[in-house]
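*Asks:* If you scroll down you'll find the structure; I have some questions about it.
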Amino acid sequence: MDERIKEMPEQINPRLPGGFQLPPFGIHQFLALIIVCVALWALGSVWLGLQGAQQWVGSWQENVRLHVYLPVEKRGDLKELNERLRSLDGVDSVRQISREEAAVWMQGWLGDTSLNVSKFAKQLPESLELTLADSEHEFLFSDIRDEAARFGATVNEDEVQMANAHQLLQSIRNLAWFATLIIALAMAMIVSNTLRMILLARADEVHLMRLLGAKEWFVRMPFILEGALLGGGAGILAWILLWPLVLGVSDWTDGLSIDLHPFVLLLPLLAGGAVVGCLGAVVATARLVSPDSVDQ
Amino acid sequence: MLTAGHLMVTVFPMPDKNALIEMQQLMLRYPAGKVALSGVSLAISKGSFIYLTGESGAGKSSLLRMFYGGLRPTSGQLSVQQWDMRGLSEGDVRELRQRTGIIFQDHKLLFSRTVFENVALPLRVQGWEKERLVPRVRKVLEFVGLDDRLWSYPEALSGGEQQRIAIARAMVTNPPIILADEPTGNLDEDTARHVLDLLMTLNNNGTTVIMATHDLHLLNSHPGRVIQLHQGSLVGDSHG
């Protein structure tokens, strides 16, 4: 035999089907990778946006405070209003803000100008600061409004809206989970479809391996691995593509004191993609029937 | 003396210890209702060379498929390499197939894989390490005279060469039995003779060869036991 031929196997790495050997990467896999990557990128963007929104209202959620203003001419009702507000479920404490404290706040609000604000401060209504124990308490804001209205006082509605923001965020988060589930299923179907096409193309190979007595795990493993690799690869690619988005909105997020952390999404995108890819592969190979299958 | 009151039972003879394959009153009926084999009883000894002949649809291919667990008997007894084929588990079928070399008329070669990869596939299925696998593949390709085509793709080979690759793949694990379903069906006479030479050599080395064929003229140059089927029944068993 030609000596050159004898040396060939050591020079060329043979690619044998089955077991832990991945099938060749082709156009079908590339398209599926792109589609799954785009879907994961969209999901990553949604969760990154939620992360920013969470930070934006985070300080409010830590310690929710609400202000109730009583006109100066009704100052006599201040003590009773204070007690009525304190007695409401969901209100932790009520503190009266003194005129001096209000003047200091106004001075700061006006940019610490040399203007004497004590005259203006005297015109300010009496202020009660409510610390809320549970801002999610049902009807809490309505109860506060009702009590305030009874004494002719008003509630700072901007603060109510901010306190309610987390409830909105929670709803958005629930929607995001729902969208994640739906998109995960869609991705699993895309991977499954892709692998079914590959399985059809490789039906002869699968049939032959079974005729040679291959175990089922040996026949199916390449496709399961491919599904996991496809999903995981798309996850990493989607994570990398989140960075231009983060950098693109950095001016805006910096202005809102939001510090986005895409790193926390690396593992969920990678593992989630791999799990979804595996799921798609399991679905694709669930009914992998060949002629002469042992179950015939 | 039997009377109408006596229970009728089928009595099967004691198994022949030298037999690699034994069958008694073997019957195969496809789910659609067609009877492929009916009442076939015979024994095939280790080391024999068998020609399975008969017209198309006689049941040759069905019988061969039963020998590797591709089909299960509807009734009767079939024992292959000491396995009772009626109650075979999935694991047993896999083990049986690993101990059986199969050659098909259409080769069933993987055209996207090289000759080396095609021949190495059975060894890979059986978990051979690459270090052992490469010399073994080279050795069998040397046997069939195609060691210079190791890295060619099957489509670059002639029909005869492709069939020789299929023989190499069937023998690479050194199985005790080789089943060949019309391996010379698509070949010219000279090439068919060469393929049969290879199978005869394997048989002379102790491998049992069962070959379904229409080419009875090959018997002149390559004698063997001829089992003839007709419409699913055994109609002849002779040495040619």
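*Asks:* Step through the residues of region B:213-221 one at a time and calculate ³J(HN,Hα) from phi using the Karplus curve (6.51 cos²θ - 1.76 cosθ + 1.60, θ = phi - 60°), rounding each to whole Hz and writing x for Gly and Pro.
*Replies:* Using θ = phi - 60°, the values come out as 7, 9, 7, 5, 5, 5, 4, 4, 8 Hz.
*Asks:* So what's the back-of-envelope 222 nm ellipticity for chain A, counting only DSSP H runs of four-plus at -39500 (n - 2.57) apiece and dividing by all residues, rounded to 500? All intermediate terms of the calculation are to be shown ahead of the outcome.
*Replies:* On the way: 12 runs with 194 residues, N = 296.
About -22000 deg cm²/dmol.
*Asks:* If you don't mind, there's one more thing I want to ask. Suppose the chain between A:ILE35 and A:LYS74 were pulled fully straight at 0.36 nm per residue; how much longer would it get relative to their current alpha carbon spacing? List each step's numbers first, then the result.
*Replies:* On the way: separation 39, 0.36 × 39 = 14.04 nm, distance 6.51 nm.
Difference between extended and current length: 7.5 nm.
*Asks:* Same structure again: So who's got an amide H within less than 5 Å of the one on B:LEU20, skipping anything under 5 residues away but keeping other chains? H placed 1.01 Å off N, in plane.
*Replies:* Hits under the 5 Å cutoff: B:ILE44, B:SER45, B:LYS46.
*Asks:* Now for a separate question. Which of the chymotrypsin sites (Phe, Trp or Tyr not before Pro) across region B:78-171 are loop residues per DSSP, with 12 or fewer other Cβ within 10 Å?
*Replies:* Those that pass, being in a loop and sparsely packed, are B:PHE111.
*Asks:* Name the trypsin sites (Lys or Arg not before Pro) in region A:192-296 that are in a loop by DSSP and that have at most 10 other C-beta atoms within 10 Å, would you?
*Replies:* Details: sites: A:ARG196, A:ARG202, A:ARG210, A:LYS215, A:ARG220, A:ARG287; in loops: A:ARG202, A:LYS215, A:ARG287.
Of the trypsin sites (Lys or Arg not before Pro), the ones in loops of region A:192-296 whose Cβ has at most 10 other Cβ atoms within 10 Å are A:ARG287.
*Asks:* So what's the back-of-envelope 222 nm ellipticity for chain B, counting only DSSP H runs of four-plus at -39500 (n - 2.57) apiece and dividing by all residues, rounded to 500? Spell out each step's value before the answer.
*Replies:* Values: 7 runs with 75 residues, N = 240.
Dividing the helical sum by the residues of chain B leaves -9500 deg cm²/dmol.
*Asks:* List the longest stretch of chain B that has no exposed loop site; here a site is one of the GluC sites (Glu not before Pro) assigned by DSSP to anything other than H, G, I, E or B, with at most 14 other Cβ within 10 Å.
*Replies:* B:130-240
*Asks:* Would you kindly work out the equivalent ellipsoid of the protein assembly as shown from its C-alpha gyration tensor and give its semi-axes, the square roots of five times the eigenvalues, largest first in whole Å? The partial results should precede the final answer.
*Replies:* Numbers: eigenvalues 1405, 168, 44 Å².
Working from the Cα gyration tensor, I get semi-axes of 84, 29, 15 Å.
*Asks:* If you don't mind, another one. Against the longest principal axis of chain B, how steep is helix B:189-204, in degrees 0 to 90 to the nearest 10, with axes from Cα atoms?
*Replies:* In chain B, helix B:189-204 runs at an angle near 70 degrees to the longest axis.
*Asks:* Next question, about the same structure. Restricting the count to DSSP beta bridges whose residues both fall in the protein assembly as shown, what percent are antiparallel, rounded to a multiple of 5?
*Replies:* Working: 34 of 51 bridges.
Approximately 65 percent, going by the DSSP bridge assignments.
*Asks:* Then there is this: Which ³J(HN,Hα) values, rounded to whole Hz and listed in residue order, are derived for region B:33-46 from phi using the Karplus coefficients 6.51, -1.76 and 1.60 in 6.51 cos²θ - 1.76 cosθ + 1.60 with θ = phi - 60°, glycine and proline given as x?
*Replies:* Couplings: x, 5, 8, 8, 9, 8, x, 8, 10, 6, 10, 10, 7, 4 Hz.
*Asks:* In degrees between 0 and 90, to the nearest 10, how far off the longest principal axis of chain A does helix A:266-285 point, with axes built from Cα atoms?
*Replies:* 40
*Asks:* Grab the beta carbon distance between A:ARG95 and A:LEU256, set R0 = 30 Å, and tell me the FRET efficiency rounded to 0.05. All intermediate terms of the calculation are to be shown ahead of the outcome.
*Replies:* On the way: r = 29 Å, r/R0 = 0.95.
The computed FRET efficiency comes out at 0.55.
*Asks:* Within chain B, what's the longest run with no trypsin sites (Lys or Arg not before Pro) in a DSSP loop and at most 13 other beta-carbon atoms within 10 Å? Give the range, please. Walk me through the numbers before you get to the answer.
*Replies:* Working: sites that count: B:LYS17, B:LYS34.
Result for the longest clean stretch: B:35-240.
*Asks:* Further question on the same structure: Among all the aspartates and glutamates, which ones have a C-alpha under 14 Å from B:LYS108's C-alpha, if same-chain residues fewer than 8 places away are not counted?
*Replies:* A:ASP204, A:GLU205, A:ASP292, B:GLU117, B:GLU155, B:GLU161, B:ASP181, B:GLU182
*Asks:* Still on this model: Using amide H atoms built 1.01 Å from N in the peptide plane, name the residues 5+ places from B:ALA36, or on other chains, whose amide H lies under 5 Å from its own.
*Replies:* It is B:LEU28, B:ARG29, B:TYR30, by chain and number.
*Asks:* Oh, and also: Using a 10 angstrom Cβ neighbour count of at most 15 plus a DSSP loop assignment to flag exposed GluC sites (Glu not before Pro), which longest range of chain A is free of such sites?
*Replies:* Working: sites that count: A:GLU7, A:GLU136, A:GLU138.
Here the longest segment lacking exposed loop sites spans A:139-296.
*Asks:* While we're here: Taking every residue in B:112-122, how many Cβ atoms of other protein chains lie within 10 Å of its Cβ, on average?
*Replies:* On the way: counts 8, 5, 3, 0, 5, 4, 2, 0, 3, 8, 6.
That works out to 4 on average.
*Asks:* Counting only residues 5 or more places away or on other chains, whose amide H sits under 5 Å from the amide H of B:GLN105 once H atoms are built in the peptide plane?
*Replies:* B:ASP181
*Asks:* Right, next: Would you tell me the mean number of C-beta atoms belonging to other protein chains that fall within 10 Å of each C-beta in B:128-135, as a whole number? Walk me through the intermediate numbers first.
*Replies:* Working: counts 1, 0, 5, 0, 0, 3, 5, 2.
Average per residue, whole number: 2.
*Asks:* Other chains near B:93-103: what is the mean number of their Cβ atoms within 10 Å of each residue's Cβ? Please list the in-between numbers first.
*Replies:* On the way: counts 7, 8, 1, 2, 7, 3, 1, 3, 1, 4, 0.
Across B:93-103, the average partner-chain Cβ count within 10 Å equals 3.
*Asks:* With only alpha-carbon atoms in the gyration tensor, what are the semi-axes of the equivalent ellipsoid for region B:119-240, in Å, largest first? Intermediate values should be presented prior to the final figure.
*Replies:* Details: eigenvalues 158, 56, 31 Å².
Largest first, region B:119-240 gives 28, 17, 12 Å.
*Asks:* Between A:LEU168, A:LEU33, A:LEU16, find the one with the highest GNM mean-square fluctuation for chain A; connect C-alpha pairs within less than 10 Å.
*Replies:* A:LEU16
*Asks:* Along region A:161-174, what does the Karplus equation 6.51 cos²θ - 1.76 cosθ + 1.60 (θ = phi - 60°) give for ³J(HN,Hα), rounded to whole Hz, x for Gly and Pro?
*Replies:* 4, 5, 5, 7, 4, 5, 5, 5, 4, 4, 5, 5, 4, 4
Throughout, read-outs are computed from the coordinates displayed, never taken from laboratory work. This structure is a prediction, so every number in the text was calculated from the model and none was measured. With ideal geometry, Cβ positions are generated from the backbone for all residues, glycine too; neighbour counts draw on all protein chains shown.
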